[in-house]
């Protein structure tokens, strides 16, 4: 269970507040106009931004001041999910041990997840030698390997074509099912939200609202969201 | 392993040898270089002193003044006349205890602290293939057309530059500013030190360079080059000597005294002319190398006493600065 | 978190150490003198000359860089890449070697004046202030050309395509595309060269010129040598720092160009106009290449035949210098890296300012101050090499930092969050993220530091030891009348400086 208690953050003329409880295993779309604070919300949870007030709890444990890498969280960013100078195996292995001193078992697991996401045989290639879809799979393989209970996605597949994106979302859903992960996914595509997440967090007017049913929200959006969705 | 050994060999300070008696000699950089008299002095002294002689090179006087009595120096080797007043005022030196009556110097020397080991005179050097009619006197140099180009050294950073200042002062006295005014247009440039000037001269950049009467000896002895000449002026040439002194606070007084006692011996003096390209302070002319004996000698040697030189330093510099500031 | 904290703090410690070193040595010199002393008329003249020559050198370098960079940006020809690389050479050339080369080309007896004489034209003078300016332009034109060329290549090629689809003439292109870029880039180029020339020492030393061309750094040397007036030396050191700070404050809205020539020359650029401009561009490139490369060729021509005859001592000194230069370079990049990473993580401006301090410090005051401070601790003989290595490393920092800061910033922006989310910290982060991503600017900075250290004449003769470096050996040769051997040693010095730069710079690109 992920709890945001009276979270507030202020930056210049921007502010964001949040107060919500997200049950374990839930999938949530995060939707809102540009600049509304969707990425800020993920940064708060992911540990890249400290709130000015409030607490973040995971299963009752306060993780507000915990370093990003120690949180029970994996994040997929919009860009730069892979180190271009490391090969696929190293990029994925980093999910287990950042110093890459992998023992035999760990190496086997890396090979397994690569297999699982359909990347067998690419272990020694650098990201630049892969297609966009394959690069996304590498990042997903690492998520799979880390098996953290919370997964944050900041539009990592935005650059992919519709078919590839659907494929990645499918793969992601499988992974989330396997690990019973709680997923927050920023998206600007209402279709993604409808397909992937039964519930949606609306970020609007300086607040991240508690999750509500996705379909009714999108069918009958409030004024601000309607203007954004068009 | 091998690169490491080489690195160590390159960087390690010269190890103190088995003997624990070490004579530390502060010397000008060029003295200790392999082309200066240093290596010979070191090996010959060590042959009989049962000690190690260490040259420490650098700007001797500034360094000594900064270190004061805590200095490691036992001997200072290579001080110049013209700066002895400041060195003496520091009170850091002890008497040399040598008899200076029989020196082969063109001036009287009765200093009981600073002992000369070589000498020479300032002179303008020219190349007789490039300058067929060199000025025959200082006055002719001043009156020469301005396309005769000379290079000199800055008196604020060079000892020979300072000597030129005093040379002009002694020849021209109160008329020195006029003399500088006449000389200035012929000065191609003023360099920091002697070596930059001399390099420009040998490169053919200048017709004459401020150097020493003994400079041609190098070209004759080492290069068989007879074209480099010192222009000898009847007005006289300014005397310069290099001096040694022992440091009062030495922890090796016996060794230091032994070294001072050795300086005026013929064995030491014979090493001077061809290593230092200057004249020995105490050696009969018949014992000089042929090349030094053959050099033309000025009839007149000019020299200021220590007190006069110190008193004239600043006013003469101001005259010089004014002439060149234009 | 702890490791990250450590990284941030270590950069601050380096910055504080640098500030303490630069300001502490100045204070030590003043303390030894019993206080600062006033300046005389000639000191103020030196201050005026220093500012004037730096301003003139910077203006000439910046203005001359424009046609050269434009010609290089819009022309493609065989050997262009090599030429661009070679044109960078003077910046890392040891000063003493450069002066030899400049004299043999531009001197009274040099090739250029012989030509002018043969044509019955008036001769050019290199001595005095003209020489100081000429040498400064020689050193800094390559840097300016690189920076301006970067500006040209930073103009998106779409814009040039748009311009040609709209039928722009070269004048239109200049007005709408090139001049705005130059207006943005040139002030920074000017400031960078101005600061470098403000503290230049050896150039004025070697080409001289006497009282009319005395710089502040030379006046410090004279205060030290002639009068043993440490109080005046310290005052002059303060004035010099004050000048630089005033210049930076007056120009605080000007950004010194980032990158400093690292990773430049993308090889693309606008397509040059046809017609007479081809020939004018060719002439500009030929002139620049002649000005910058001829002196190097002259040094080689004189010195190479003397190489085999060099005494073993010279080779030993060369080996010593190489080891010191490499040590210095490694120390410099280590400090650079710590500072740059700290700065990239948003440390206060003072960290960046401290990193630039060595640019404005007087090496003479620095050396003398260290001598005073360390005297009681270890003997000067033992200090000589470590102190020289450390000071050379500090002196190279400002240049290295300019190259490294932008790269460290984009590293932090691009991969900071990913690294944090994976708990990639400490040594693992250094090994798997920082070093591979920053290899190029690190190699460039190390090469620069090594070359600068190689050519350094020994920060101050106070520390001179019985283990001379190659530049010191070169002076010893000159002092012993052996000018021809000195020319051979100069070739050796030049070759080793270039080789060290090439080695490090190349090393940084291996993986790219």
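The values are calculated or read from the model by the stated rules, or taken from the named source; none is laboratory data. Just so it is clear, the model here is predicted, and its values are computed rather than measured. When we count neighbours, we look across all protein chains shown, and the Cβ atoms used for this are built from the backbone with ideal geometry, even at glycine.
For this structure, a couple of remarks:
- Residues of the range C:392-412 satisfying the condition of being out of contact with any helix residue (DSSP H, G or I) (no Cβ under 6 Å at 6 or more places or on another chain) and in contact (Cβ under 8 Å) with a residue 40 or more places away in the chain: C:402, C:406
- Annotation: of all residues in the range C:381-413 being buried (at least 21 other Cβ atoms within 10 Å of the Cβ) and within 14 Å of chain B (Cβ to nearest Cβ), the one that is modelled with the highest pLDDT is C:389.
- Of the criteria (1) within 26 Å of residue B:52 (Cβ to Cβ); (2) away from chain C (no Cβ under 14 Å); (3) not in a helix (DSSP H, G or I), which one residue B:297 fails: (1)
- Only residues that are closer than 20 Å to residue C:416 by Cβ and either in contact with a helix residue (DSSP H, G or I) (Cβ under 7 Å, 6 or more places away or on another chain) or more than 14 Å from chain C (Cβ to nearest Cβ) (or both) were counted across the range A:98-143, and they come to 8.
- Exactly one residue out of B:209, B:171, B:187 is more than 10 Å from chain C (Cβ to nearest Cβ), in contact (Cβ under 8 Å) with a residue 40 or more places away in the chain and surrounded by fewer than 24 Cβ atoms within 10 Å (Cβ to Cβ), and it is B:171.
- Test: residue in the range A:201-213 that is within 30 Å of residue A:92 (Cβ to Cβ) and in the same structural domain as residue A:30 (by TED's automatic domain parsing): yes
- Conditions (1) within 13 Å of chain C (Cβ to nearest Cβ); (2) at pLDDT below 95; (3) within 26 Å of residue B:203 (Cβ to Cβ); number of the one not met by residue B:132: (1)
- Yes/no for residue A:36 being in contact with a strand residue (DSSP E or B) (Cβ under 9 Å, 6 or more places away or on another chain), touching a residue at least 60 places away in the same chain (Cβ under 8 Å), surrounded by 15 or more Cβ atoms within 10 Å (Cβ to Cβ) and in a strand (DSSP E or B): no
- Criterion: over 17 Å from residue C:322 (Cα atoms) and in the same structural domain as residue C:467 (by TED's automatic domain parsing) - qualifying residue of C:394, C:390: C:394
- Members of the range A:99-113 that are part of a helix (DSSP H, G or I) and either farther than 12 Å from residue A:145 by Cβ or touching a strand residue (DSSP E or B) at 6+ places or on another chain (Cβ under 8 Å) (or both): A:104, A:105
- Residues that are in a helix (DSSP H, G or I) and touching a helix residue (DSSP H, G or I) at 6+ places or on another chain (Cβ under 7 Å) within the range B:93-142 comprise B:138, B:142, listed in sequence order.
- Counting only residues that are out of contact with any helix residue (DSSP H, G or I) (no Cβ under 9 Å at 6 or more places or on another chain) and buried (at least 22 other Cβ atoms within 10 Å of the Cβ), the range B:308-323 holds 0 of them.
- Which numbered condition residue B:262 misses (of (1) surrounded by fewer than 22 Cβ atoms within 10 Å (Cβ to Cβ); (2) on the phi < 0 side of the Ramachandran plot; (3) in the same structural domain as residue B:160 (by TED's automatic domain parsing)): (3)
- Residues located in the range A:41-65, provided they are in a strand (DSSP E or B) and either within 13 Å of another protein chain (Cβ to nearest Cβ) or out of contact with any helix residue (DSSP H, G or I) (no Cβ under 8 Å at 6 or more places or on another chain) (or both): A:53, A:54, A:55, A:57, A:58, A:61, A:62
- Total residues in the range C:290-347, condition within 14 Å of another protein chain (Cβ to nearest Cβ), without any contact (Cβ under 8 Å) to a residue 24 or more places away in the chain and within 30 Å of residue C:111 (Cα to Cα): 1
- Candidate set: the range B:17-58, residues that are within 11 Å of another protein chain (Cβ to nearest Cβ) and assigned to a loop (DSSP other than H, G, I, E, B); chosen: the one modelled with the highest pLDDT: B:37
- Lone qualifier among C:61, C:57 - being in a helix (DSSP H, G or I) and under 24 Å from residue C:281 (Cβ atoms): C:61
- Subset tally (residues that are touching a helix residue (DSSP H, G or I) at 6+ places or on another chain (Cβ under 8 Å) and part of a loop (DSSP other than H, G, I, E, B)) for the range A:205-219: 1
- With respect to the stated conditions, residue C:87 is surrounded by fewer than 24 Cβ atoms within 10 Å (Cβ to Cβ) and either closer than 30 Å to residue C:483 by Cβ or without any contact (Cβ under 8 Å) to a residue 24 or more places away in the chain (or both).
- Check on residue C:241, in contact with a helix residue (DSSP H, G or I) (Cβ under 9 Å, 6 or more places away or on another chain), outside the structural domain of residue C:72 (by TED's automatic domain parsing), surrounded by fewer than 18 Cβ atoms within 10 Å (Cβ to Cβ) and touching a residue at least 60 places away in the same chain (Cβ under 8 Å): no
- Residue list for the range C:358-380, filter: closer than 15 Å to residue B:59 by Cβ and outside any helix (DSSP H, G or I): C:375
- Residue among C:130, C:222, C:153 that alone is at negative phi, without any contact (Cβ under 8 Å) to a residue 24 or more places away in the chain and crowded, with 18+ Cβ neighbours inside 10 Å: C:222
Rundown of residues vs (1) more than 25 Å from residue A:158 (Cα to Cα); (2) under 20 Å from the mean Cα position of the chain (by Cα), yes/no style:
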{"site": "A:46", "(1), (2)": "no, yes"}
{"site": "A:71", "(1), (2)": "yes, yes"}
{"site": "A:99", "(1), (2)": "yes, no"}
{"site": "A:112", "(1), (2)": "yes, no"}
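- Residue satisfying all of: in the range B:212-242; in contact (Cβ under 8 Å) with a residue 60 or more places away in the chain and under 26 Å from residue C:302 (Cα atoms); nearest to the other protein chains (Cβ to nearest Cβ) among these: B:215
- Selection count where residues are more than 7 Å from chain B (Cβ to nearest Cβ) and within 23 Å of the chain's Cα centre (by Cα), scope the range C:473-486: 2
- The listed residues are C:351, C:314, and the only one of them that is on the phi < 0 side of the Ramachandran plot, surrounded by 14 or more Cβ atoms within 10 Å (Cβ to Cβ) and modelled with pLDDT of 90 or more turns out to be C:314.
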